[in-house]
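Asks: Encoded as structure tokens, here's the structure I'll be asking about.
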Amino acid sequence: MDAIQWILPELSHTQWLVHSLIFLTNVALLIFARPLLQMVQAGIDSDTRIKVFRALNILVLVLHVLDLALIRTNVGYENYFINVGLSLMAIYGGLFVNSLASYFSRKRFGHQKVLDGKKIFLDTYSSRLVDLLLLMVITLTTLYVIIKIWGADSLLETTGIFGILIAFLAFTSSIWAPDIISGLIILNTEILEDGDVVVIDRHPDEYVISKVTLIYVILYDIRNNHRTLIRNSQFTQSKIDNLSRIASTDGIRQPLTYKIGYPGITGTSAKEKTEHLNIFKNKIDQLFRQAFEACASNKDVKINNNKMFEWALTSAGDYALEYTLWFYLERIPNTKHTSTLRKHLMGTAYRVNEAVYTASVIADISLATPALLEAQVRSEG
């Protein structure tokens, strides 16, 4: 008992009560960090946030123990370590309250969507404005608490920390303001949201929107299976095609082009030539109809079975006739899984192309460019 009294510093009951509350609160946050954070922000970044928050808890515990030890051994000690710990706790509390406020603002003002079979709440223009206002209040409150912890009330004057903060924000507004405004524009249009498949001007690949944040947009590259980050201001400066928001119930219309050799039309009269030409056209029509029937019967081909393929002679070139075939996709599923989207978008186009080739072999119609093929044969001969 005497040994314990020698180790512990001599503090009043009120001081011990404060230290006990700080210790118990910190231990509780260390233990319940995972359920608390997953409650307000579940996702791929939750593990990283949990590690950061727990590291803060452990650091505060170490500082608390050092503070009590120095109180006992150093008479002139002025609680520097506990003040650092309380400052970290204030930052911890600000981060957690901000996450909690964002969670409730999304539930109250956000947009509900089913993505990958799960019901989630997405940010909207209103929820993002509420988040910005709450972020300002929480930041200023956290700074005020830290200043009070250190007893630096002079910083609350006009020329103090708040004046410096306002001046800093004013001088750097040209850097961060365009991205915040662009992010609000994205949300206000209500045409781009998490899980949408988009095509960005001057970028050949298709992307699925993973997250629209305050400053940037995170995209998943569907073809190459990697992540892409782009600032909001750069994102909105480009033409963006949203493949998940179709203009017609028919579905997304995609083209495929084929080179078919000119038919060897014989005959002397116009009637005979017309008959031979019609036979050729009927063979082309039958080719694409058979391809549609093969695709419609295959569940792996994600086409709109209620919408027949469309085709037309789009160019009469020097070497071959160019036919363009248009097919309509099923509605793109609400998912962020690039493998599923790749099968839906690219896989369907490849299977349609294969069906056309199979039908061309059956119909004895060559898809090779005749003149080029003959030139190759001569060169090899």
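Asks: How much length, in nm to one decimal, is gained on full extension between Leu277 and Trp150, taken as 0.36 nm per residue of separation minus their Cα-Cα distance?
Replies: Numbers: separation 127, 0.36 × 127 = 45.72 nm, distance 9.24 nm.
Result for the pair: 36.5 nm of gain on full extension.
Asks: Based on C-alpha coordinates, I'd like the Rg and Dmax of the stretch 104-153, in Å.
Replies: 16.4, 52
Asks: Okay, next question. How big is the equivalent ellipsoid of the stretch 198-269 along its three axes, where each semi-axis is √(5λ) from the Cα gyration tensor, reported in whole Å from largest to smallest?
Replies: Working: eigenvalues 343, 39, 26 Å².
Value: 41, 14, 11 Å, ordered largest first.
Asks: Could you pull out which residues in the stretch 201-223 have an amide N less than 20 Å from a spot 7 Å beyond the Cα of Leu132, following the Cα-Cβ vector?
Replies: 211-218
Asks: Under a 1.4 angstrom probe, counting protein chains only, how are Lys239, Lys299 ranked by accessible area, largest first?
Replies: Numbers: Lys239 115, Lys299 175 Å².
The residues order as Lys299, Lys239, largest area first.
Asks: Would you grab the residues whose amide H sits under 5 Å from the one on Glu330? Only those 5+ places off in sequence or on another chain, please, with H modelled 1.01 Å from N.
Replies: Ile303, Asn304
Asks: Separate question: Among all the lysines, which ones have a C-alpha under 21 Å from Lys259's C-alpha, if same-chain residues fewer than 8 places away are not counted?
Replies: Lys281, Lys283
Asks: Here's something else I'd like to know. Over the residues of the stretch 287-361, compute the C-alpha Rg and express it relative to 2.2 N^0.38 Å.
Replies: On the way: Rg = 13.8 Å, N = 75, 2.2 N^0.38 = 11.3 Å.
The stretch 287-361 yields a ratio of 1.21.
Asks: How much of the accessible area of the stretch 201-258, in percent, comes from carbon and sulfur atoms when a 1.4 Å probe is used? It would help to have the intermediate numbers written out before the result.
Replies: Working: 1540 of 3240 Å².
Roughly 48 percent, rounded to a whole number.
Asks: A further question on this structure: Need one word for the stretch 175-320: rounded, prolate or oblate. Basis is the Cα gyration tensor (sqrt eigenvalues a ≥ b ≥ c); a/c below 1.5 gives rounded, then a/b vs b/c decides.
Replies: Numbers: a/c = 3.61, a/b = 2.69, b/c = 1.34.
The shape class here is prolate.
Asks: Expressed as a whole number of Å, what is the distance separating the alpha-carbon centroids of the stretch 209-265 and the stretch 78-109?
Replies: The distance from the Cα centre of the stretch 78-109 to that of the stretch 209-265 comes to 40 Å.
The values are calculated or read from the model by the stated rules, or taken from the named source; none is laboratory data. Given the structure is predicted, the values throughout are model-derived calculations rather than measurements. As a convention, Cβ positions derive from the backbone with ideal geometry for all residues, glycine included, and neighbour counts pool all protein chains shown. Heavy atoms of the whole protein, side chains included, go into the accessibility calculation; ligands, DNA and RNA do not. Shrake-Rupley method; radii C 1.70, N 1.55, O 1.52, S 1.80 Å.
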